[in-house]
Amino acid sequence: MDDNASLSAAPRRTRRTVLLGLAAFALAGAAFVVRRPLMMSAPSCVAGRWHGCYDTFNGVVLMTLVAVPAALLVVWALACLRRSAGVAAPWRLSLAEVGMVHGTVPFLWLTMMPGAGAGVVPGRMSLVPLRDLATMGALGIAGNLLVFAALGFFAPMRFAALASVPRILALGAGCSVLVETAQYVLRLDRVSSVDDVLVNAAGAVLAALASRRWWRGAAPAPSDLPRPVPAPAG
């Protein structure tokens, strides 16, 4: 019995190691490709200056990458605490929690970054579906797909109640509506577009589908559990 358990655990450890290695390789490759624009913000970020670092796309991306080791350390600490407490799947839960935060907050920061006319230009809305999609460009579409990708990828791994595509679609769309509404109300010199909501939600769903093998076996939500059938009266 123990031999079978150890044999079945070995492939899982190997698969997990390979996946982590591939993820690290992909991250290193992406950092190498964009190293030059990121280094433009490095002096301001190293000096701790707000302007030129946290108010620029390159600076936010650079600090997100720099914070990856700290995020992994938090994952390790949370997993150790959970494992000592006897919690099931400690690494999956810890990675999902940290991944949701680390992968979503920087994109939210970028979407809420004010434009040059913030506070002066009135809020603008675009409510015609697919009208703005053609003007986004490939880079704009890719960026919008990534805004809630981490949330869609990790949320169903952490919360069994969200382990379904319709719920992730609703979550991504709802969060995007809140962001677009905040952009309009705060007059950030940005266009609140329905196409942003559509692409953001699509990105969350695509990311959720990519992680489906890790959340399909999650425990069902209480509402999804089969209800006991009452025994017939004697």
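The values are calculated or read from the model by the stated rules, or taken from the named source; none is laboratory data. All values reported here derive from a predicted model rather than from experimental measurement. Glycine gets a Cβ as well: all are built from the backbone with ideal geometry, and neighbour counts include every protein chain shown.
Structure notes:
- Counting the residues of region 137-176 that are more than 14 Å from ALA202 (Cβ to Cβ) and either of a type in the set (A, V, I, L, M) or in contact with a Gly (Cβ under 8 Å, 6 or more places away or on another chain) (or both) gives 10.
- Flag if ALA233 is at pLDDT 95 or above and either touching a strand residue (DSSP E or B) at 6+ places or on another chain (Cβ under 9 Å) or of a type in the set (A, V, I, L, M, F, W, C) (or both): no
- Assessment of region 178-193 against the conditions (free of Cβ contacts under 8 Å to residues at least 60 places away in the same chain, under 19 Å from ALA208 (Cβ atoms) and in contact with a helix residue (DSSP H, G or I) (Cβ under 6 Å, 6 or more places away or on another chain)) yields no matching residue.
Residue by residue, here is whether (1) in a helix (DSSP H, G or I); (2) modelled with pLDDT of 70 or more; (3) over 25 Å from the mean Cα position of the chain (by Cα) holds:
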position	(1), (2), (3)
PRO11	yes, yes, yes
THR17	yes, yes, no
LEU20	yes, yes, no
GLY29	yes, yes, no
PRO37	yes, yes, no
MET40	yes, yes, yes
SER44	yes, yes, yes
ASP55	no, yes, no
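- Those residues of region 85-117 which are small (Gly, Ala, Ser) and within 23 Å of PHE159 (Cβ to Cβ), in sequence order: ALA85, GLY86, ALA88, ALA89, SER94, ALA96, GLY99, GLY103
- So ALA96, is it in contact with a helix residue (DSSP H, G or I) (Cβ under 8 Å, 6 or more places away or on another chain) and either at pLDDT 90 or above or surrounded by 13 or more Cβ atoms within 10 Å (Cβ to Cβ) (or both): yes
- Complete set of residues in region 43-64 that are crowded, with 16+ Cβ neighbours inside 10 Å and farther than 19 Å from PHE107 by Cα: SER44
- In region 80-139, residue farthest from the chain's Cα centre (by Cα) [restricted to those that are charged (D, E, K, R) and in a helix (DSSP H, G or I)]: ARG83
- Test result for LEU133, surrounded by 13 or more Cβ atoms within 10 Å (Cβ to Cβ), over 21 Å from PHE153 (Cβ atoms), touching a residue at least 60 places away in the same chain (Cβ under 8 Å) and of a type in the set (A, V, I, L, M, F, W, C): yes
- Looking only at residues of region 99-119 that are modelled with pLDDT under 90 and among the aliphatic types (A, V, I, L, M), we find that the one that is surrounded by the most Cβ atoms within 10 Å (Cβ to Cβ) is ALA118.
- Filter result for the condition that a residue is over 29 Å from ASN144 (Cβ atoms) and of a type in the set (A, V, I, L, M), over VAL87, VAL98, VAL105: VAL87
- Residue within region 65-74 that is surrounded by 12 or more Cβ atoms within 10 Å (Cβ to Cβ) and either over 20 Å from LEU110 (Cβ atoms) or at pLDDT below 75 (or both) present: yes
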